[in-house]
Every structure is written in C-alpha cells, then in structure tokens.
Amino acid sequence: MIKKIFGLAPTKETNGSGYIPSPMGRKLGVDKVSGFKHTNFGGKKYTGNKKVLVLCTEERYFKMTNGKNFSTGNNVQETMVPLMHLVNAGFDFEVVTPNGKPAILEEWSVPVKDQAILKFRKENQSKFDKPLSLEKLIKSNELNNESDYIALFLPGGHGSMVGLPDDKNVGTLLRWIKESGRYLVAVCHGPAAMIAKENKGQPNPYNGYKMVAFPDKFDKQSPSLGYLPGQLPWFQCEALAKEGITVINEKITGATHIDRKLISGDSPKACDELGKITVEALFKEVLN
C-alpha cells in the first residue's frame, strides 16, 4: 500500500499478464525527449550497399525470481537513436529476430514528446514488424565475406536478456561478426546477448575485451523503485565477466567505449554519442 501511495508499485499492464515499471520508475528511467542531436558528419554521406544488422528480441516477458512477469522487449530510445544517426549518414539497416517473429519493443519506453523518434519509428516500423529470421539467415549461408552487413547492433532493453543469450544461432552470428572483422555495437542490456554460444564450453569470441554496459548494481536496486516487479534471475555484467568480458563502468553517465571493433554505450544517455561514434567508425571502413 505504501509503495502504491508513493508511486513505487509496478503497474499491471492493460493488455497482458505482465508488469511495467512503476510511475516513479518510469519517471526516473524513461525520457520524454531523447538526447538525439542531428549532425551532418561534416557533409560526409555513405551511398553504397553496406548495412547494419539489428538483432532484436521476440520475447515480451521476463520472469522475475518472485514469479512475476516484467513486460519488456527492446527499449525504443536505445533502439532508434543510434539507428537515426546511421540512416542520416546513409547506412541502411535490417532487423532480425531468432525465428523471424515480430521484434518486441517496450511501448512504455517511448519518449512521447520526441517527435524525431516518433517519426523515425513510424517510417521504419515495418522492419520491426516483419524482420528477417536469424535461423534462415544462417541456413542460407548469407553470413559470408561477401555479405553487405558491415556491423551488428544489439539494442538495449531487458528483453535482450530473454532468449537471445541461450540461442546457438546468436552465438554463430557473434562469432561470424568477430572473425570476419565486422563491428559489434551494443548498449545498456544489449550486451547480454554476447554470452550466447554455438557450443557449450567454447571460448567467447570477445574474451579479453572491455566495454561499458548497464551496471548490475542498479538492476539489483530497481525492485525497490518498482522499475522491475521483482529481482532478476541473473545479471548481465556478472555473466559477461564469466566470459572474460570486462564491464568497466560502475555508474550511469552516458559513457561510450571502443575496444577494437566493439563499440558500447552504458544506457539511454549514451545513445546519441554511440550513434555518432559508430558512424565515424563505419566511415573509416567504407570512405577511406
């Protein structure tokens, strides 16, 4: 009752069996306007066929340790803002989910007063509604040296922790990205997908890398604010550490980091800069 009075109680979603963040959780964790700032990259623009593959989740619900379902998916701001910079710079993108089912986005995470994001999402929603199937993409042998995919983007949202980390095909995709010298871009909870493996016991392709991500300690505190309806069953930074991947940030500051061809951001606050530094990195690949 006290939590409900102070806006700290998770909210039961209108249609479905899960919970969305409490009013206080949404106030603290969901921006009404993103940090997106348009840039023309010094007049440079890519005009070729290279594109970015965006790996999204098909899963809406993440079961907490108390049995309650968190209604999640991919965070809208964390998904759209980096892509807006890539598209403005001339790069196209394709969305892929494990089985080709529609990508799930956290509707409660929409920056409702950000007209640029709302417009971009409307223009590109069909890509999320009818994505590629990762399973079919791998079986068709399209992941080869001649592929037009120049980078893989792992957007945030707790939905990235459901399904993707256990999918062998995601492990295959990550290994291909690393071994073929392509870029991997990840933000907030998106790095959770990086623990996926083709075969149990094999070394992670990003063993020895450093990155920024959403710190576990804030996830552990989230239930007290009602952002999560219970405690997470596992934590991404702990899981990444077991794979030999070091998360170097302890706070949420909007930090970004580049380690070779792994580009990362810590939270929604990082997405504007993440998009810009990703564009500049890709420009070095295709414009020089």
- Query: Which of the listed residues, Ser133, Val95, Trp108, is farthest toward the dipole's positive end in the stretch 87-134, when Lys, Arg count +1 and Asp, Glu count -1 at the beta-carbon?
  - Reply: Trp108
- Query: Given the pairs Lys200/Lys220; Lys217/Lys284; Lys50/Lys242, which span a C-alpha to C-alpha distance of over 31 angstrom in this model?
  - Reply: Lys217/Lys284; Lys50/Lys242
- Query: What size of dipole, in debye to the nearest 20, comes out for the stretch 1-148 about its Cα centre when the only charges are +1 on Lys and Arg C-beta atoms and -1 on Asp and Glu C-beta atoms?
  - Reply: 580
- Residues of type aspartates and glutamates that Lys32 reaches as a straight line, Cα spacing below 16 Å, ignoring anything fewer than 8 places off in the same chain: Glu78, Glu106, Glu107, Asp114, Asp272
- Which whole-number percentage describes the relative contact order of the stretch 166-238, with Cα contacts under 8 Å and a sequence gap of 6 or more? 32
- What's the extension gain from Ser126 to Glu250 if we count 0.36 nm per residue and subtract their Cα-Cα distance? 41.0 nm
- Message: Under 37 °C and 0.692 mPa s, how fast does the stretch 107-243 diffuse according to Stokes-Einstein, given a Kirkwood radius computed over C-alpha pairs? Answer in µm²/s, whole number.
- Response: 196
- Computed label-point distance, nm, for sites Lys168 and Ala281 using a 7 Å Cα→Cβ extension: 2.9
- Note on the structure: Pseudo-spin-label distance Ser17 to Lys44, built 7 Å along Cα→Cβ, given in nm, is 5.0
- Query: So, by mean Cβ neighbours within 10 angstrom, what's the order for 250-259, 276-285, 169-178 with the highest one leading?
  - Reply: 169-178, 276-285, 250-259
- Task: Would you mind checking the pairs Lys113/Lys210; Lys136/Lys269; Lys101/Lys197 and listing those with alpha carbons more than 25 angstrom apart?
- Result: Lys113/Lys210; Lys136/Lys269
- Item | Size of charge dipole - the chain - debye, nearest 20, with Cβ of Lys, Arg +1 and Asp, Glu -1, no other charges | 460
- Packing rank of 266-272, 45-51, where each peptide gets the mean count of other beta carbons within 10 Å, highest leading: 266-272, 45-51
- Over the chain, what relative contact order in percent results from Cα pairs under 8 Å that are six or more residues apart? 22
- Message: Using only the Cα atoms of the chain, what are the Rg and Dmax in Å?
- Response: 18.0, 61
- Task: Using DSSP, restrict attention to beta bridges with both residues in the chain and report what percent are antiparallel, rounded to the nearest 5.
- Result: 25
- Under the Kirkwood approximation applied to all pairs of distinct alpha-carbon atoms, what is the hydrodynamic radius of the stretch 29-153 in Å? 15.9
- Query: For the stretch 110-250, what is the charge dipole size about the Cα centre, in debye to the nearest 20, if Lys and Arg each add +1 at the Cβ and Asp and Glu each add -1 at the Cβ?
  - Reply: 160
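What order do you get for 73-79, 222-228, 87-93 when each peptide is scored by the mean count of other beta carbon atoms within 10 Å, highest first? Walk me through the intermediate numbers first.
On the way: 73-79: 28.6, 222-228: 20.7, 87-93: 18.1.
Sorting 73-79, 222-228, 87-93 by mean packing, highest first, produces 73-79, 222-228, 87-93.
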- Message: Could you work out [θ]222 nm for the chain from helices alone, using -39500 (n - 2.57) per DSSP H run of at least four and dividing by all its residues? Round to the nearest 500 deg cm²/dmol.
- Response: -9000 deg cm²/dmol
- Task: Sort out for me the Cα centre separation of the stretch 236-253 from the stretch 55-110, rounded to whole Å.
- Result: 21
- Note on the structure: Taking only the alpha carbons of the stretch 1-80, the radius of gyration and the largest Cα-Cα distance, Dmax, both in angstrom, are 18.3, 58
- Task: Tell me the label-point distance for the pair Asn99, Asn144, using the 7 Å Cα-to-Cβ offset, in nm and rounded to one decimal.
- Result: 2.9
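Since every read-out is calculated from the coordinates, none of them should be taken as a lab result. On a predicted model such as this, the values are computed, not experimentally measured, just so you know. Note that we place each Cβ from the backbone using ideal geometry, even for glycine, and neighbour counts take in every protein chain shown.
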